[in-house]
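A short write-up of the structure that comes next.
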């Protein structure tokens, strides 16, 4: 039992150290693609996906936009991106360090690869 506790504490310490060392990324709303989708289209499309995290994420964005806690256009674009990638393209959730430059670079590489694959 003592070894399990030690391993758990060590893993938690390493994870916390990594998290703190990365710092907090700057928000870069200009890198979020603009969408022509309306909230109605986003919500309607959301329910066609089996992953229950999709409507939860979209609802959270809608609520914070309606409450004035986030720019409405930014929230709508973020929700549309979830719908486009998760529901329409059937992509998995990304666990990149969102907001960090490396994550944006990786997404750009993925988009370029998909465009090239279509040719």
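The values are calculated or read from the model by the stated rules, or taken from the named source; none is laboratory data. Everything quoted here is computed from the prediction, not taken from an experiment. We place every Cβ from the backbone using ideal geometry, glycine too, and count neighbours over all the protein chains shown.
Within the stretch 29-43, the set of residues being part of a loop (DSSP other than H, G, I, E, B) and closer than 24 Å to residue 103 by Cβ comprises 32, 33, 34, 35, 37. Among the residues of the stretch 44-85, those that are part of a loop (DSSP other than H, G, I, E, B) and either touching a residue at least 12 places away in the same chain (Cβ under 8 Å) or surrounded by 12 or more Cβ atoms within 10 Å (Cβ to Cβ) (or both) comprise 48, 49, 51, 70, 71.
Among the residues making up the stretch 86-98, those that are loosely packed, with under 15 Cβ neighbours inside 10 Å and within 12 Å of the chain's Cα centre (by Cα) are 91, 92, 93, 94, 95, 96, 97, 98. Within the stretch 104-119, the set of residues being over 15 Å from residue 81 (Cα atoms) and either under 10 Å from the mean Cα position of the chain (by Cα) or modelled with pLDDT of 70 or more (or both) comprises 105, 106, 109, 112, 113, 116, 117.
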